[in-house]
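The values are calculated or read from the model by the stated rules, or taken from the named source; none is laboratory data. Predicted model only: the values in this text are computed from it and were never measured. Every residue, glycine among them, receives a Cβ derived from its backbone with ideal geometry; neighbour counts consider all protein chains shown. SASA here: full protein model, heavy atoms, side chains in, ligands and nucleic acids out. Shrake-Rupley method; radii C 1.70, N 1.55, O 1.52, S 1.80 Å.
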Amino acid sequence: MLEKESALNTLYQSIVPVMETCGFKPKPADGNPRGPALYARGDGMVMDFTGEKGFLRLVYSSDRIHLLSGPVDVDASDDSSFNLDSTFLLMLDDYDDRDLKSLSNEIGEYLTNTYAEKKEIVSKKKNVQTVSKAAARSGALSYDPITLASKIATMFPYTAYLKDEIKRNVDEYGEFLCEDFFVNHANKEIMEVIQGNDPAKMKKLFGILGEIYEDGTNEVQSLIAVTILGPIKNDPVIIQRIIPYLTDTMIEPVLAANKRLGKSKSANLRLENPPKYKAKKKKKQGGGLMQMLMGGGQPGLNQQ
């Protein structure tokens, strides 16, 4: 069990040098110009950091730390003026010092990957929210398609356009169209890794896919089994190549999708030509392309 103020102060001390590396400095609370940028607010605590790139705020409340971001001139008096960037778990009653250190490392890694090279936080729609590993593993949140896309983009640092494409996708449509991103952009890089069959790269790629699949939504599981690995189209050589890297829960839906795509021209046409964007009145949860291509089946079911 951790004590709130002590744990948050320890976390703050570990975050400060990472923030400075990313171009942000602590911003003390109003009325306390020489104090730390960590202050109590209601039952929670807040950390503020600013720089030429923008304004970052971490808010602890109800076992969660929310990372908020905004431009330099954001209205700091109102959290709703910020973007909700990511969420991390800090469960004081259950965590110990080792968990706190792991959380510090996770936040630091996320900040470095996201902001070390970011030039400027210019508007609310430029940033996308991803799900942290701690939140997914605890069951508080599930990995979603945009988190998978962000992790895949990070795997290919030499293709910086993938990160730019995620932002463009969200900016253009107001939501993340995952099939468009993978079919038209990321799948090319993924298939090059699979074709190359380099053990280190394969392990890294399928480590990402496996982690996201195990703790992901039905939509992201469908995305992996159908949109990403479906283009293998049941090629026996490639199937045997990837099987050792698949988790136990991935094998059945991946093989089922490949079996279907290996013999159905109509299913391939739907895969290669995702539906055109239509504004949704209400976003539905479901199996996405898996349901469409497999005749309404859920990921994990062996459709004949």
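Rounded to a whole number, what % of the accessible area of the range 128-229 do carbon and sulfur atoms account for, probe 1.4 Å?
Numbers: 1980 of 3980 Å².
Taking all protein chains in place, the range 128-229 shows 50 percent carbon and sulfur surface.
How fast does the range 1-115 diffuse by Stokes-Einstein, in µm²/s, taking the Kirkwood radius from C-alpha pairs at 4 °C and 1.567 mPa s?
On the way: Rh = 14.2 Å.
Once the numbers are plugged in, D ends up at 91 µm²/s.
So if each residue of separation counts as 0.36 nm, and I subtract the Cα-Cα distance between N234 and S77, what length gain in nm does that give? Mind dumping the intermediate values first?
Details: separation 157, 0.36 × 157 = 56.52 nm, distance 5.54 nm.
Difference between extended and current length: 51.0 nm.
Protein heavy-atom accessible surface, 1.4 Å probe, per residue over the range 141-254: 41 Å².
Close amide H contacts of S132 (hydrogens built in the peptide plane, cut-off under 5 Å, sequence separation of 5 or more or a different chain): T87. When you work out D = kT/(6 pi eta Rh) for the range 183-228 at 25 °C and 0.890 mPa s, using the Kirkwood radius from C-alpha pairs as Rh and the Stokes-Einstein form, the result is 221 µm²/s. All distinct Cα pairs of the range 78-120 go into the 1/r average, and the inverse of that average, the Kirkwood radius, is 12.3 Å. What nm distance separates the two modelled labels at S14 and D164, each placed 7 Å from Cα along Cα→Cβ? With each label placed 7 Å out from Cα toward Cβ, I get 3.5 nm. In this simple spin-label approximation, D248 and N105 carry label points 7 Å from Cα along the Cα→Cβ vector, and these lie 2.6 nm apart.
In terms of overall dimensions, the range 115-262 has a Cα radius of gyration and Dmax of 15.4, 48 angstrom.
Just subtract the alpha-carbon distance of D171 and K4 from 0.36 nm times their residue separation and send over the number in nm, one decimal. It would help to have the intermediate numbers written out before the result.
On the way: separation 167, 0.36 × 167 = 60.12 nm, distance 3.76 nm.
The span from D171 to K4 would gain 56.4 nm if fully extended.
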